[in-house]
1. If residue 49 meets every condition in (1) in a loop (DSSP other than H, G, I, E, B); (2) within 15 Å of the ligand (Cβ to nearest atom); (3) closer than 18 Å to residue 16 by Cα; (4) over 21 Å from the mean Cα position of the chain (by Cα) apart from one, which number is that one?
2. State whether the residues of segment 206-228 include one that is surrounded by 16 or more Cβ atoms within 10 Å (Cβ to Cβ), under 26 Å from residue 134 (Cβ atoms) and more than 13 Å from the ligand (Cβ to nearest atom).
3. Can you name the residue in segment 214-230 that is outside any strand (DSSP E or B) and touching a strand residue (DSSP E or B) at 6+ places or on another chain (Cβ under 6 Å) and, of all such residues, is nearest to residue 197 (Cα to Cα)?
4. Please specify each residue of segment 52-61 satisfying the condition of being within 14 Å of the ligand (Cβ to nearest atom) and either assigned to a loop (DSSP other than H, G, I, E, B) or out of contact with any helix residue (DSSP H, G or I) (no Cβ under 9 Å at 6 or more places or on another chain) (or both).
5. Search segment 15-32 for residues being away from the ligand (no atom under 16 Å from the Cβ), surrounded by fewer than 16 Cβ atoms within 10 Å (Cβ to Cβ) and in contact (Cβ under 8 Å) with a residue 60 or more places away in the chain, and hand back the single one that is nearest to residue 304 (Cα to Cα).
6. Which one of the conditions (1) surrounded by fewer than 23 Cβ atoms within 10 Å (Cβ to Cβ); (2) more than 12 Å from residue 306 (Cα to Cα) does residue 12 fail to meet, given that it meets all the rest?
7. Filtering segment 64-80 down to residues that are more than 16 Å from residue 117 (Cα to Cα) and not in a loop (DSSP other than H, G, I, E, B), which residue is nearest to the ligand (Cβ to nearest atom)?
8. So residue 94 clears everything in (1) within 16 Å of the ligand (Cβ to nearest atom); (2) in contact (Cβ under 8 Å) with a residue 40 or more places away in the chain; (3) in a strand (DSSP E or B) except one condition, right? Which one?
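Read-outs: derived from the displayed coordinates by stated rules, not from any lab. If you're wondering where the values come from, they're calculated on a predicted model, not measured in any experiment. Every residue, glycine among them, receives a Cβ derived from its backbone with ideal geometry; neighbour counts consider all protein chains shown.
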Ligand SMILES: NC(=O)c1ccc[n+]([C@@H]2O[C@H](COP(=O)([O-])OP(=O)(O)OC[C@H]3O[C@@H](n4cnc5c(N)ncnc54)[C@H](O)[C@@H]3O)[C@@H](O)[C@H]2O)c1
């Protein structure tokens, strides 16, 4: 806690961590105390504009600062568990970027440390807060779409070779990224798939390298069977020039909904008035910006999860996405890679 009774916040890793910094700076219940990166120029890019913020090149040194209550872990993915556990054991709460770590085994170390320290752990899957996800999740959970029998999901993105080189050479490695297009880019959509469709039972997958010089994959394709009887196809790639859609398409016996990321493309529900459908398009057909204009105060993306994390610490409750919740998509990722390697169906 800071001297002026705010939650003291720090951010480690200043790539996407800069988004965390911006969100922390605009929330009045917390105060940015420090940032940490091994790259001094990245620290300066924050501290030059915010001279009251401390800069650390050594994470362990930062842990000694008693004013820090929460640390955002925005380091390369394979470092998440080691650094989160260190922070928890030093009495800090942590908000961890996706993926929680690159293996379930490592991620479970975070859960173990959470239980033993009693500190709060949140995990980022900011796309769950896309405005259109709330009515879609409600429509599924309330049975408005009937029995869900099919989902088709495709993350058709593009990354230049340079994305995998230079200071980002950890991208597309098994050791630090844990894989390629699936674990790095498509994990958000995979998480949304299991969140909306239910508990997976089995996966049958293939993977390949098509357009990049990397160790891992730049394309995966899977058929997923769910315990509730539904089926989904899931595709991830970083090869679709120049970067195409994020298809989230769900079909139930009473209705069909199709999205491209946060943009509603189709909303057809049996028995629903056409005006209700039109209203859905007015609100959600142009993405989060327009939805937020309809509902002042509605927030989305990282800012929602950072504010939730601060509130969780103040209120002594769990944040929106706990380690066990974050691990669900990671379990699926492990199963997909295992199936692609062995050519066999993997049962979860
Ligand atoms: N939620 C999202 O939409 C989103 C978007 C991008 C990245 N991410 C995730 O965020 C994490 C970071 O990704 P990124 O794209 O920002 O990577 P990045 O390589 O751009 O940034 C990582 C930073 O960590 C720093 N770093 C490395 N080792 C360090 C150490 N020992 N101590 C302190 N700093 C150290 C690096 O200098 C670098 O600035 C990854 O897990 C990634 O999957 C999430």
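1. (2)
2. yes
3. Taking the candidates together, the pick is 230.
4. If the condition is that a residue be within 14 Å of the ligand (Cβ to nearest atom) and either assigned to a loop (DSSP other than H, G, I, E, B) or out of contact with any helix residue (DSSP H, G or I) (no Cβ under 9 Å at 6 or more places or on another chain) (or both), then 57, 58, 61 are the ones that fit.
5. Among those that are away from the ligand (no atom under 16 Å from the Cβ), surrounded by fewer than 16 Cβ atoms within 10 Å (Cβ to Cβ) and in contact (Cβ under 8 Å) with a residue 60 or more places away in the chain, it is 26.
6. Result: residue 12 passes all but (1).
7. Among residues in segment 64-80 that are more than 16 Å from residue 117 (Cα to Cα) and not in a loop (DSSP other than H, G, I, E, B), the one nearest to the ligand (Cβ to nearest atom) is 77.
8. Going through the list (1) within 16 Å of the ligand (Cβ to nearest atom); (2) in contact (Cβ under 8 Å) with a residue 40 or more places away in the chain; (3) in a strand (DSSP E or B), residue 94 breaks only (2).
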